[in-house]
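One structure is given below, encoded as structure tokens.
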Amino acid sequence: MSKISTGIRDLDNLIDSVHIGDNVVWEVEAGSSEDAFMSNFINQSLSEDRDVIYVSFNKSPQSILLYLNIREDTSRLTVLDCFTSGKGKSDRAFLKYYEMQHPDSPRIIKVSRPGDIVSFSETLNGLQDGLNEGARYIFDSLTGMQDLWADEHNTYKFFTYMCPRLYDLGTVAYWLLEKEAHSQTFKANLRHITQVVLELYKKKDKLFLKAIKLDGRSNREAFKPHAYEVEDCRVSLAPGRKEPSFGIGSRIKQARITLSMSQKDLADKIGMTSSFVSQLENNQISPSLNSFVQIAGVLGVSPASLLQEDAKREEISWLIPWEATRKNLLKRDRGFSVYTLTPDDSTGSLYLAVVQPLAGMEGHFLTIKKKEAIHVLRGEMLVTVEGIQKPLRRGDTIYLRESLPSAWKNMGDEEAELLVACF
């Protein structure tokens, strides 16, 4: 497996660099200095004489060039501007940049209809066709795509199309998303498809990085929180600094996420603003007694549980209780619910598929390229593989090396359960 540098030595050591074909999703909180990670990756790629494509949905061309802090020759940098005619609404202030563009500036391509997914995809694919092998990509905001394309489904559909394409092209791509702007289901689906997921967040004014998923790596240290510091766009991990223990705000956040509730949902229910909830969860402010009791009621937890120190609650690291498993919903579609049974840092993947009575679907309930073993725990299923239909009953197992099922059907009048192992 060929490896390339992120441009940050400490990060390379922690995650064993990035591998050719990796799609790297960055789940970031506001104020986590994600720009420094992007800037270092771009500068590193340009120093290796690689083409770099920066796809911007959230920033104007003027602000991008300030934000990137490019130190290398920009002749191989292309900015795909989806902001000016998107969120920028073709405002004169943004269009003016194209009249004043300096000849030494990177190549800027303005996408005239970024809200049209087909048009945008054609522009991007056309750009890819003219690049040398080994290009690098930065998509500055999956959240910005979602805002422009109306819902998560459209964004996820584009990601499921582009992520395997970039993998097959042998490139490396960075994808950014704002953690609190997306549902847990959306993030779980992205994690299932992509190769690397890294989280950047703040606690008590300290910055932390943690791996959520790392395909093909054996070092488990990356899945622990690591403090980092940023100075003049230089990023360094600070060894030995532990993540601060949870405050009240952090426990409120944990309870909210468990319910798959957004910050806005919680704010609406307690009659506050999303900004109030964000500051509260980051332990920047404290709630009044009345607000605290109200929040606990909305979250369905006792006020005392939000005041408890985490050290008082002993957990067994190797046990995943059944009730916790049922919270790890990966996807739900046409009567099929798929739950993740293994943590994100495991080398294999184990899933539970629960199929409602008489439910059927075309295709497969997982989109994967790995080998699969599927064991029927209970129920009666009908599966179609390579044009052949076969009934499956309790205790039956199918093993798929390369083929994927083209159809599933629950033939019984009770739920069916399938245990799925991918490796």
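Read-outs throughout are calculated quantities, based only on the coordinates presented, and are distinct from any laboratory measurement. Here the structure is a predicted model, which means the values were calculated and not measured. In this analysis, Cβ positions are derived from the backbone assuming ideal geometry, glycine residues included, and neighbour counts consider all displayed protein chains.
Please give the net charge around residue 128, taking every other residue with its beta carbon less than 10 angstrom from that of residue 128, where Lys and Arg add +1 and Asp and Glu add -1.
Values: positive: 165; negative: 51, 129.
The answer is -1.
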Open item on the list: Need one number: % antiparallel among DSSP beta bridges in the chain, to the nearest 5.
Closed with: 65
- [ ] Give me the compactness ratio for the stretch 5-110, meaning the Cα radius of gyration over 2.2 N^0.38 Å.
- [x] 1.15
- [ ] Jot down the per residue volume, in cubic angstrom and as a whole number, of the convex hull over the alpha-carbon atoms of the stretch 48-155.
- [x] 105
- [ ] Would you work out which of 379, 123, 135 lies farthest towards the positive end of the dipole of the chain, given +1 charges on the beta-carbon of Lys and Arg and -1 on that of Asp and Glu, about the Cα centre?
- [x] 379
Open item on the list: Quick query: amide H of residue 141 versus all other amide H atoms, modeled in the peptide plane; which residues come in under 5 Å with a sequence gap of 5 or more or a different chain?
Closed with: 57, 176
- [ ] Convert each backbone phi in the stretch 132-138 into a coupling constant with the Karplus relation 6.51 cos²θ - 1.76 cosθ + 1.60 (shift: θ = phi - 60°), then list the ³J(HN,Hα) values in order as whole Hz, x for Gly and Pro.
- [x] 6, 5, x, 5, 10, 10, 10
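Which value, in debye to the nearest 20, gives the size of the charge dipole of the chain about its Cα centre, when Lys and Arg are +1 and Asp and Glu are -1 at the Cβ? Mind dumping the intermediate values first?
On the way: 52 positive and 57 negative charges, 133 e Å.
The calculation lands at about 640 debye.
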Open item on the list: Run the Debye formula on the Cα coordinates of the stretch 89-246, all scatterers equal and no solvent, and tell me log10 I(q)/I(0) at q = 0.09, 0.18 1/Å.
Closed with: -0.41, -1.30
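Using the Kirkwood radius over C-alpha pairs as Rh, can you work out the diffusion coefficient of the stretch 92-131 via Stokes-Einstein at 37 °C, viscosity 0.692 mPa s, in µm² per second? Intermediate values should be presented prior to the final figure.
On the way: Rh = 11.9 Å.
D, rounded to a whole number, is 277 µm²/s.
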Open item on the list: Nothing charged except the Cβ atoms of Lys and Arg (+1) and of Asp and Glu (-1): what's the magnitude of the dipole of the stretch 348-415 about its Cα centre? Round to the nearest 20 debye.
Closed with: 280
- [ ] Report the dimensions of the chain along its three principal axes from the alpha-carbon atoms, largest first, rounded to Å.
- [x] 69, 61, 41
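Where Lys and Arg each count +1 and Asp and Glu each count -1, what net charge lies around residue 189 among other residues with Cβ under 10 Å from its Cβ?
Numbers: positive: 187, 191, 331; negative: 152.
Cβ neighbours under 10 Å give a net charge of +2.
Just how large is the dipole of the stretch 150-226 about the Cα centre, in debye to the nearest 20, putting +1 at every Lys and Arg Cβ and -1 at every Asp and Glu Cβ? Show your work: numbers first, answer last.
Values: 14 positive and 9 negative charges, 85 e Å.
Value, rounded to 20: 400 debye.
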TODO: Please give the net charge around residue 13, taking every other residue with its beta carbon less than 13 angstrom from that of residue 13, where Lys and Arg add +1 and Asp and Glu add -1.
DONE: -1
Task: Helix-derived mean residue ellipticity, 222 nm - over the chain, DSSP H n ≥ 4, -39500 (n - 2.57), to 500 - done: -9000 deg cm²/dmol
- [ ] Considering only 398, 193, 117, give the residue with the highest GNM mean-square fluctuation for the chain, with springs between Cα atoms whenever their separation is below 10 Å.
- [x] 398
Task: Whether the stretch 165-214 is rounded, prolate or oblate, judged on the alpha carbon gyration tensor where a/c under 1.5 counts as rounded - done: prolate
Task: the stretch 1-110, relative contact order in percent, only Cα pairs under 8 angstrom and at least six apart counted - done: 22
TODO: Using Cα positions and a limit of under 28 Å, work out the lysines in reach of residue 87, with same-chain residues fewer than 8 apart set aside.
DONE: 59, 96, 110, 157, 179, 187, 202, 264
Open item on the list: Connecting C-alpha atoms closer than 10 Å in a GNM of the chain, tell me which of 126, 249, 170 has the biggest fluctuation.
Closed with: 126
